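The values are calculated or read from the model by the stated rules, or taken from the named source; none is laboratory data. Everything numeric here is computed off the predicted structure, so don't read it as measured data. Backbone-built Cβ (ideal geometry, glycine too); neighbour counts: all protein chains shown.
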């Protein structure tokens, strides 16, 4: 039987106990690391190294008075998954774990997924981006009704809509009317009036002097200048504009100077959808330092927590995030591959075959004219190429009639599958209820009309994917980051390789449980303990197995 051979470094302390000490084979160490509620103690013996998870461990040099102590070469304390991250984040939001299920737009993060995550001790946000207020209200009805019987934490997404500010304000008004107290703010390049309105409305001072803001924001950011805006209080300009419109009182405006715009900040690294492709290794430390600087400046009673999202799709990535100081982790792309996601089996099948290089940037539907891009899947779809071609034509020509005949025919035949005029009629019908001002502007500006029609194709491409329209697979727009490829590689050969086994809670529990196992393994390594690399490999476990291990 293979055993770990002892090294000559000084022991951490001495172990004392009456039970037998089994040999510390690689397999034995691996099994011991899985029992997260028990310590792991590596003990030097005359014939090698033994392993125990009990007894008396005296830290420091010397031996116990009875002289029966044995040198300890490595010690890993118990580390249940709920101890990962910032306990203050969990207490503030009412979760058991420092884990956020990010809001994927168009209802991909569905009410079903939000409910499953919330009841498992996670925090999830309904993917309201791209949906009408009526559709969002349906989800509010569902989740508020479900949580009234068995309360669980949840929130809703608010995505920046520079081309449709009226929709942004309508969504905020809906949230305030329906008492949605937590939102995930995403894709904002600046603090807008609706976002500030949500944060400030209802703020008051308690009898003990503490300022209470009932409406909470977790903001996703990838730029330092945007993070500053969230970490500082709402600007005087925004407060003045809200007061001028009668949306907040003078007292609310005054109290707003004492709170940050966001309660918490997610450092968004290279992710699916809207992303700046930032490296997590430099982004998170920068935002942590910025948080500390601004929190000291304003003397916040509760400094915002800073978590990490983008690239979190394996236990190793989760462990790395927590090791860097992330208060919580946020997942995105991998959630879309789960059975609760509001998308089609066709999309989940494509995602299951994704490798890390199978993603690319493409024009965004909601910020098309601004040239903003989103990260999408390129494997199995022509959407990225077609979307980039549309944007290129938009930037080169002022009207659709100016586009060369060959390109116009391609657009109408392959993309629209009808004439430009017919596509415009459908686009008008969409904006008639949502934002009629866009129609008036398009009638006066043919280039804006072209932009709206092109945006219509981009928007529908996501809906075709979510609903699984078979003859539109080449046009599927599937938001995805390279993390999806990492997840597939980690799950290869396991039960999680099959798409029907990928449920949101099992995936999340594996990330958290695995991160804790890897943390303990690295701790033993950092102490100089001779731990073999195979002991630190974590492969997917079924949820029942994880729960059983945590009960011991």
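Entry remark, segment 108-131: residues being surrounded by 24 or more Cβ atoms within 10 Å (Cβ to Cβ), in contact with a helix residue (DSSP H, G or I) (Cβ under 7 Å, 6 or more places away or on another chain) and part of a loop (DSSP other than H, G, I, E, B) number 4 in total. Does residue 380 satisfy the criteria of being under 36 Å from the mean Cα position of the chain (by Cα), touching a residue at least 60 places away in the same chain (Cβ under 8 Å) and in a loop (DSSP other than H, G, I, E, B)? Against the criterion (under 36 Å from the mean Cα position of the chain (by Cα), touching a residue at least 60 places away in the same chain (Cβ under 8 Å) and in a loop (DSSP other than H, G, I, E, B)), residue 380 qualifies.
Among the residues making up segment 145-180, those that are closer than 21 Å to residue 99 by Cα and surrounded by fewer than 16 Cβ atoms within 10 Å (Cβ to Cβ) are 150, 151.
Summed over segment 153-175, the residues that are more than 21 Å from the chain's Cα centre (by Cα) and not in a helix (DSSP H, G or I) give a count of 3. Restricting segment 494-552 to residues that are in contact with a strand residue (DSSP E or B) (Cβ under 7 Å, 6 or more places away or on another chain) and either modelled with pLDDT of 95 or more or part of a helix (DSSP H, G or I) (or both), the residue that is surrounded by the fewest Cβ atoms within 10 Å (Cβ to Cβ) is 523. The set of residues in segment 196-210 that are in contact with a strand residue (DSSP E or B) (Cβ under 9 Å, 6 or more places away or on another chain) and touching a residue at least 60 places away in the same chain (Cβ under 8 Å) contains only 199.
All conditions but one from (1) on the phi > 0 side of the Ramachandran plot; (2) free of Cβ contacts under 8 Å to residues at least 12 places away in the same chain apply to residue 177; the one that does not is (1). Taking residue 58 as meeting all but one of (1) surrounded by 14 or more Cβ atoms within 10 Å (Cβ to Cβ); (2) touching a helix residue (DSSP H, G or I) at 6+ places or on another chain (Cβ under 9 Å), write down the number of the exception. The failed condition is (2).
Look at (1) in contact (Cβ under 8 Å) with a residue 24 or more places away in the chain; (2) assigned by TED's automatic domain parsing to the domain that holds residue 389 and you find that residue 469 fails only one, number (1). Restricting attention to segment 99-110, the residues that are under 19 Å from residue 479 (Cβ atoms) and either in contact with a strand residue (DSSP E or B) (Cβ under 7 Å, 6 or more places away or on another chain) or not assigned by TED's automatic domain parsing to the domain that holds residue 321 (or both) add up to 7.
Applying the selection to segment 409-440, what residues are assigned to a helix (DSSP H, G or I), surrounded by 13 or more Cβ atoms within 10 Å (Cβ to Cβ) and touching a residue at least 60 places away in the same chain (Cβ under 8 Å)? Hits for segment 409-440 are 415, 434, 438.
For segment 394-408, a tally of residues being within 30 Å of residue 358 (Cβ to Cβ) and buried (at least 18 other Cβ atoms within 10 Å of the Cβ) returns 1. Within segment 441-466, being outside any helix (DSSP H, G or I) and crowded, with 18+ Cβ neighbours inside 10 Å holds for no residue. Here residue 489 passes the criteria (1) surrounded by 18 or more Cβ atoms within 10 Å (Cβ to Cβ); (2) not in a loop (DSSP other than H, G, I, E, B) except the one numbered (1). For residue 134, the stated conditions hold: it is part of a helix (DSSP H, G or I) and either in the same structural domain as residue 543 (by TED's automatic domain parsing) or surrounded by fewer than 21 Cβ atoms within 10 Å (Cβ to Cβ) (or both).
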